[in-house]
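Here's the structure we're looking at; comments come further down.
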Amino acid sequence: MNESFERINATRQNKTASGLSSAKLKEKDRFAQAFNILVNYWEIKPSLYEAKLQELALRDVRVVSAFLPWAHVETDIYHSLKKFLRAAVAARLRVRLFVMPELGVNYPNAGVPKELLTNHANLAVNRLGQVIYSFAAPNIFSMPSFASTEVLKRFGNYLLKVGSVLGEVFEEVGDSSFCEIVVSNSLFNYYRSFGMPNADHGDYSAAHVMAFRDFLDREYKSNTSSAEAVQRDEEFKMQLYEGYNRHRFFTHIEKLLREKTDMVFSRKNSNCAIRHIDVFNPEASPEFSYQGLLTEVFDFQPSVGRLFDSIVRGGYRGETIFLGRSGVLRRLNDQERSFLILASVIYSGEVGVESEDLFKLSPNFQRKLRGLMNAIEERDYELQRPVTYVSASKFSMEERSFERLSKLVPDMVSVKADLSARSRALHERLIITDPRTIVRLVELVQALAVAQTGKIVALPLPMKGLSNYTVDAVAQLDKFRKGKDPLRIQLGVGYEVYDYQLGQVVFYDPTLFWSLAATEEDSHEAISMFLQSLIGLAEVKVPCSSSDPRVNVVHYVAKEDSARRLVFLINPTHNEIHTRLNFPNSVQVAPLATGNLGDSPQPIGGQSFELRVPALGVLPMQIFDIPSVEGGTA
Amino acid sequence: MDLSHDWKSLNEVLFCQKGLAKHAPTLVALEDGKKIFDAVLSTGQPYSDRLAARDTIGELSLKYGVEQTVSFAKKELDQIVADAASLGTNYFQQLEYVRSKVYKHVNKPSEIRISRDHFILRFFSGKMASLLPRRFNVLVFLDQRPSFSSTLLAFEHRAILLTFDRGKLDQFFEPDFSSLHEQRLPEWLLDPVAIGKYLESRYILPCYGIFMLQSDWDQCVTGDDPWSVVISALDDHRAAIYPRTGLVKTLIAFQRISGYLSGFRR
């Protein structure tokens with residue numbers, strides 16, 4: 001089995017691999033990529049590290065992952081981290097170290113030093129000015145704000161300490177290639193209290209007010225000194241755009257924190273591979289917080305359905321799912337736990353599970369899981385999300401349009417916070433920019449650059465009476481449109497389509513999305529029609545659908561051969577569901593063999609298939625396109 | 001290991017990660033003004049009617065097929081949570097606090113059974129607290145082998161040390177046995193005193209210990225009469241307790257008699 005750190009999911013290739021040659025990073029072992037097998041090293045006596053890691057190595061684990069609780073690193077008088085790394089080297093295991101604080105890690109305050117939480121100025125607050133609490137195990141605590149200077153300073157010291165420990169170990173063993181640092185978005189996913197809309201997501205603590213003002217001045221500083229440009233820049237800082245600007249600012253400070261973290265680990269003595277991912281713990285998510293707390297308080301059974309919904313949303317945002325064990329998830333039975341692990345792998349491509357948790361599950365499940373990962377690896381299948389919704393942050397989508405879009409092309413949408421080429425995937429076909437975006441020159445240029453590579457990019461048009469373009473962006477747009485004769489269409493929303501090199505650019509009228517006068521029903525219908533037309537223009541097709549809406553359908557496509565597909569039918573309920581799987585054309589369907597070798601069921605042809613999806617079940621099916629014109633029911 | 005509130009171990013050892021006893025299906029709704037902000041169902045069914053009108057609570061009960069429904073204000077819960085956060089890192093105590101406050105606010109507290117109850121916790125924080133020292137430790141030691149053997153072969157155990165302070169559970173963590181002779185743990189049945197004394201000197205607190213096989217402990221946790229399982233394991237030399245003082249012997253005799261009487265009544 002070859003080792004690799006590289007994610008197979010091409011939708012997230014924001015990896016910075018420094019210090020490792022590309023040959024070493026050749027991706028092969030899908031299991032190691034998809035599963036972060038977590039070891040809580042601070043719960044184990046250092047003298048037992050080697051035995052524990054040897055035990056994992058015997059179970060065919062090649063990479064172990066560990067969160068580094070901030071407070072533990074600061075007070076680690078036993079040098080546990082160093083001993084853990086040495087033990088990993090002795091056991092010939094690779095190590096992934098998650099250096100950012102994460103909720104749900106079994107350490108008091110999830111590792112955040114308690115002294116920081118006693119100062120109110122260090123705490124994150126929601127839009128209403130209330131302190132944001134984490135309700136999940138291992139304890140209820142107020143969350144710190146990464147905008148606070150004290151928090152940032154101490155966090156920097158913690159990172160330096162981790163860096164120095166790593167440096168010592170690397171020097172001792174003469175190698176750093178066994179170690180990988182994972183930089184995540186940390187607490188930024190959780191800066192919201194439940195019940196507040198996504199648009200109100202974020203930390204609104206007093207600590208970031210000055211930084212926010214500076215950010216606005218920097219962002220809306222036009223190069224020209226024309227009165228019109230200056231006036232427009234001032235308008236962009238006004239109340240109307242406050243929400244949009246705040247979200248851009250949240251994205252900006254998150255990025256800044258990541259960059260500063262990177263810098264620590266790019267120093268010569270602690271230089272090792274760094275990877276950026278977004279981690280999401282569904283039980284700590286704002287949507288689940290009261291559910292989780294009440295479940296604990298009343299000793300109820302946790303709702304698998306709600307946890308599943310959180311995982312699906314995490315999948316849209318391209319997050320790695322972390323399923324802890326100390327919170328409400330411990331109340332799940334093995335079937336529910338296995339289901340959530342599988343669903344996380346399918347939706348997100350990567351999951352973090354504690355080693356004890358994974359290996360406690362039945363050997364049959366573990367064998368099937370390995371079989372599934374091998375089958376995916378064999379054909380190089382990947383989850384394709386051809387539609388991208390770009391907004392100021394991962395939480396600031398215009399509610400009506402995003403909701404409609406995710407219904408029209410379920411599980412084929414992803415959300416991104418920027419238009420940069422770095423995060424573009426090959427299978428991406430349609431990129432829709434949020435109608436409430438302020439289009440600056442940089443956004444316009446990026447959009448055109450993306451379009452010329454063969455994609456369809458939709459951007460809002462400049463509005464009359466309401467500024468949504470900077471002056472230089474308007475000039476650039478005029479230059480682009482000059483002499484071109486676009487296709488003008490009115491389907492719910494008016495838009496213009498321009499052919500641009502290999503792709504197309506769509507400029508649409510965003511007035512409806514700003515209008516409060518339009519009745520709910522009218523606007524929903526118009527938005528739906530507009531989005532449908534864009535999806536049609538981009539030729540994005542839903543490969544198949546289930547007659548029962550409770551069954552979720554997820555499509556994987558082979559990278560080399562798009563005619564070979566995998567479909568997962570996912571039933572998040574506790575009841576078996578009989579459903580009909582409908583395809584637009586005749587196909588051949590065969591269950592995916594994940595069991596014994598040589599177990600290859602014969603495919604059957606047809607256009608519609610009656611299937612029984614077991615309770616909390618995942619049904620993987622192989623789909624082969626056939627040129628047949630015959631339809632039928634199998 | 002430096003956790004003084006090891007919530008994960010507490011659940012794994014004391015409650016054995018067992019599912020909960022099935023009570024009457026219940027809907028707990030969280031009100032915010034005239035709306036039902038969110039709700040949770042005892043059955044694990046997902047609640048999907050966010051922001052339903054408060055007046056529809058009866059219809060919701062029918063829809064989700066529950067036998068009892070309680071509701072309380074989100075604002076109050078937020079305040080309780082803020083107060084609970086100030087209690088520190090003891091999640092058990094925080095949840096106990098939230099529970100005690102929530103009970104006062106729910107409409108029909110008598111109908112809600114909260115089972116976060118354990119016979120060990122009940123015993124040491126109940127009336128017994130007045131007879132015991134102000135601060136002491138309780139060891140729960142579980143041998144995970146099918147039967148006792150004094151050899152180290154295939155020996156695995158789980159243990160948790162519960163620190164009680166004035167009758168309240170103050171700390172809970174896995175005890176550090178690293179300085180104890182390695183043969184002592186597998187021989188727990190032959191010499192529980194050595195382990196008890198070791199913990200007393202290690203943590204400088206009086207210690208009470210209960211040593212059992214995991215299979216017997218599982219019966220204690222899931223059964224209706226845990227003490228009868230403990231007594232029968234003691235009688236059959238499958239369990240041990242520490243210390244064997246006069247008070248402890250009296251208590252065992254008392255449990256034996258009450259078990260006998262309750263059996264007689266049945």
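The values are calculated or read from the model by the stated rules, or taken from the named source; none is laboratory data. Since the structure is predicted, the reported quantities are computational estimates derived from the model, not experimental observations. Reconstructed Cβ throughout: ideal geometry from the backbone, glycine too, with neighbour counts over all protein chains shown. Note: areas computed on protein heavy atoms with side chains; ligands, DNA, RNA excluded. Shrake-Rupley method; radii C 1.70, N 1.55, O 1.52, S 1.80 Å.
List of remarks:
- The Rg/Rh ratio for chain B is 1.04, where Rg is the radius of gyration of the alpha carbons and Rh is the Kirkwood radius.
- Paramagnetic label zone (point 7 Å from Cα along Cα-to-C-beta, A:Met263; backbone N under 13 Å) in the stretch A:146-161: A:153, A:156-157, A:160
- 1.4 Å probe, heavy atoms, protein only - residues of the stretch A:255-304 losing at least 40 Å² accessible area vs chain alone: A:Tyr290, A:Gln291, A:Leu293, A:Leu294, A:Glu296, A:Val297, A:Phe298, A:Asp299, A:Phe300, A:Gln301
- Electrostatic dipole magnitude of chain B [Cβ: Lys, Arg +1; Asp, Glu -1; Cα centre; debye, to 20]: 820
- Each Lys or Arg adds one and each Asp or Glu subtracts one; over the other residues with Cβ under 15 Å from the Cβ of B:Leu205, this totals +2.
- Under the criterion of Cα pairs below 8 Å and six or more residues apart, the relative contact order for chain A equals 12 percent.
- Only the Cβ atoms of Lys and Arg (+1) and of Asp and Glu (-1) were treated as charged; on that basis the dipole of the protein assembly as shown about its Cα centre amounts to roughly 860 debye.
- Basic side chains Lys and Arg get +1 at the Cβ, acidic Asp and Glu get -1 at the Cβ, and with that the dipole of the stretch B:119-265 about its Cα centre reaches some 680 debye.
- Taking 26 Å as the straight-line reach from the Cα of B:Lys34, the lysines in range (excluding those fewer than 8 positions away in the same chain) are B:Lys63, B:Lys74, B:Lys75, B:Lys101, B:Lys104, B:Lys108.
- Loop sites in the stretch A:338-411: GluC sites (Glu not before Pro), DSSP, at most 16 other Cβ within 10 Å: none
- Choice from B:Glu12, B:Glu59, B:Glu200 with maximal GNM fluctuation in chain B (Cα, 10 Å cutoff): B:Glu59
- Interface size, chains A and B: roughly 4000 Å² of accessible area buried, both sides included, 1.4 Å probe, rounded to the nearest 100.
- For the stretch A:164-272: rounded, prolate or oblate by the Cα gyration tensor [a/c cutoff 1.5]: oblate
- Averaged over peptide A:139-149, the number of partner chain Cβ atoms lying within 10 Å of each residue's Cβ comes to 4.
- Accessible area in the full protein assembly, largest first, 1.4 Å probe, for B:Lys101, A:Lys479, B:Lys8: A:Lys479, B:Lys101, B:Lys8
- Sorting the Cα pairs of the stretch A:387-537 by distance into bins of 5 Å, from 0 upward, gives 2, 9, 20, 25, 23, 14, 6, 1 percent per bin.
- Tensor-based shape of the stretch B:119-265 (alpha-carbon gyration tensor, a/c under 1.5 rounded, otherwise prolate or oblate): oblate
- Accessible surface ranking for A:Thr261, A:Thr118, 1.4 angstrom probe, highest first: A:Thr118, A:Thr261.
- The figure for A:Met263 is an accessible area of roughly 130 square angstrom, using a 1.4 Å probe on the protein chains alone.
- Protection proxy ranking of B:237-249, A:435-447, A:52-64, by the mean of other Cβ atoms within 10 Å over each peptide's residues and highest first, is A:435-447, A:52-64, B:237-249.
- Among B:Arg256, B:Arg122, B:Arg50: highest mean-square fluctuation, GNM of chain B, C-alpha pairs under 10 Å: B:Arg50
- Between B:Thr89, B:Thr222, B:Thr56, the residue with the greatest mean-square fluctuation in the GNM of chain B (Cα pairs under 10 Å linked by springs) is B:Thr56.
- Whether the stretch A:53-168 is rounded, prolate or oblate, judged on the alpha carbon gyration tensor where a/c under 1.5 counts as rounded: prolate
- Simple label model, 7 Å out from Cα along Cβ direction - B:Lys168 to A:Glu403, nm: 4.5
- Note on A:Lys464 and B:Glu182: the model spin-label points, each 7 Å out from Cα along the C-beta direction, lie 8.6 nm apart.
- Phi-based couplings in Hz for the stretch B:235-242 (Karplus 6.51, -1.76, 1.60; Gly and Pro marked x): 4, 8, 6, 10, 9, 9, 10, 9
- The protein assembly as shown, accessible surface, carbon-and-sulfur percent (1.4 angstrom probe): 52
- Principal-axis tilt of helix B:91-105 within chain B, Cα atoms, nearest 10 degrees: 40
- Additional length obtainable on full extension of the chain from A:Lys484 to A:Arg92, 0.36 nm per residue less Cα span: 135.0 nm
- When Rg and the Kirkwood Rh are both derived from Cα coordinates, the Rg/Rh ratio for the protein assembly as shown amounts to 0.98.
- With the alpha-carbon atoms of the stretch A:82-231 aligned to their principal axes, the span from lowest to highest coordinate is 66, 42, 26 Å, starting with the largest.
- Shielding value for B:75-81 is 3, the average number of Cβ atoms from other chains within 10 Å of each residue's Cβ.
- Counting only protein heavy atoms and using a 1.4 Å probe, the accessible area of A:Asp262 comes to about 30 Å².
- Counting charges near B:Pro192 (Lys, Arg +1; Asp, Glu -1) among other residues having Cβ under 13 Å from its Cβ returns a value of 0.
- Counting only DSSP H runs of at least 4 residues, each contributing -39500 (n - 2.57), and dividing by the residue count of the protein assembly as shown, the helix-based mean residue ellipticity at 222 nm comes to -10500 deg cm²/dmol.
- Cross-link partners of A:Lys221 among lysines (Cα-Cα below 18 Å; sequence separation of 8 or more within a chain): A:Lys237
- Between B:Gln144 and B:Thr222, residue separation times 0.36 nm minus the direct Cα-Cα distance comes to 26.4 nm.
- Per residue, in Å², the accessible surface of the protein assembly as shown once ligands and nucleic acids are set aside, probe 1.4 Å: 42
- Between A:Lys114 and A:Lys360, the contour length at 0.36 nm per residue exceeds the alpha carbon distance by 85.3 nm.
- Ignoring aspartates and glutamates fewer than eight residues from A:Lys52 along the same chain, the ones with Cα atoms less than 12 angstrom from its Cα are A:Glu43, A:Glu356.
- Neighbours of B:Ala29 by Cβ distance under 9 Å: Lys/Arg scored +1, Asp/Glu scored -1, total -1.
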